[in-house]
Amino acid sequence: MAEETQPQTRIEFFAGLTFFVLVMALLAWFSFTAMHWLTDQKRLPMSELILLGEREYVSDDEVRQVLLAIPDSQNFFTLDVAQLQDNLQSLPWVYSASIRKRWPDRLKVFLVEQPVVAFWNQADLVNEFGEVFHAPIAKIRQSLVQLEGPDNSAPEVLQVYRQLDSLLELNGFKIVAVQLTQRYAWNIELAQGIELKLGREQRLDRVQRFIDIYPLLDAENVAYVDLRYDTGVAVGWKQQRESNDQNNG
């Protein structure tokens, strides 16, 4: 009886093993076929683009050029979203880019432009976070303050500008330029054509001193006000400056 059972057990074992191998082969074939279908560029191509976000400086053509650089071999499933995002963020006026894929062929791109607030050292720009970036200045339409300073000082210069501008604006003045010199002294230029020399310390107090004495000045003829004194000020007159410039020339 035992001898009859042993051959039957072997048959059942080999039958089960054969079935298992067939199932695994079939699964492998399905996986290969599915992967080939998903990565086939002729299937599920990206055919619809939705571009979101307010834009003043980034043109449709710039975005289109980045998208056209996507390899033809990439489709909905194989598109490298992270790489595309990096490529978009490399555009001069793009601060950030967010990309989402929507089944079956839609690509949503949300762009945030650089929130520019000032010129920096004449050649670059500063955003509202104090970050320096380079972009075509010719595209700028609004009036921006001119900030100047040593390398890596943009956040500090922007912060000081905002502090001083708040105080001066309350009194009818507008800053058009702020300079932090290599010796870390502060100079500001007003829309009225007056330069304020503030030195290194007590910036707010010295600006307030200028505001207090301004009604006493012949403002139209003032070239600069030197406030780097514990008490009092020194005033330079436009005619005197023009005469000095002529003599120096």
For segment 78-128, just list the percent of Cα-Cα distances falling in each 10 Å bin from zero outward, please.
23, 41, 22, 11, 3
Gain on full stretching of the segment that runs from R162 to I140 - 0.36 nm per residue minus C-alpha separation
5.9 nm
Given K197/K238; K174/K238; K139/K197, the pairs whose alpha carbons are separated by over 22 Å
K139/K197
Relative contact order computed over segment 82-213 (Cα-Cα under 8 Å; 6+ residues apart), in percent:
13
Cα Rg, Dmax, segment 89-236, angstrom units:
19.6, 73
Taking R102, R141, R209 and ranking on accessible area (1.4 Å, protein atoms only), highest first, one gets R141, R102, R209
For the pair D60 and A223, the simple spin-label estimate (label points 7 Å beyond Cα toward Cβ) gives in nm 5.3
Charge tally in the Cβ shell below 10 Å around A177, where Lys, Arg are +1 and Asp, Glu are -1, A177 excluded:
-3
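The values are calculated or read from the model by the stated rules, or taken from the named source; none is laboratory data. Here the structure is a predicted model, which is why all the values come from computation and not from measurement. Every residue, glycine as well, gets a Cβ built from its backbone with ideal geometry; the counts of neighbours run over all protein chains shown. Please note that ligands, DNA and RNA were not included when accessible areas were found on the heavy atoms of the full protein model with its side chains. Shrake-Rupley method; radii C 1.70, N 1.55, O 1.52, S 1.80 Å.
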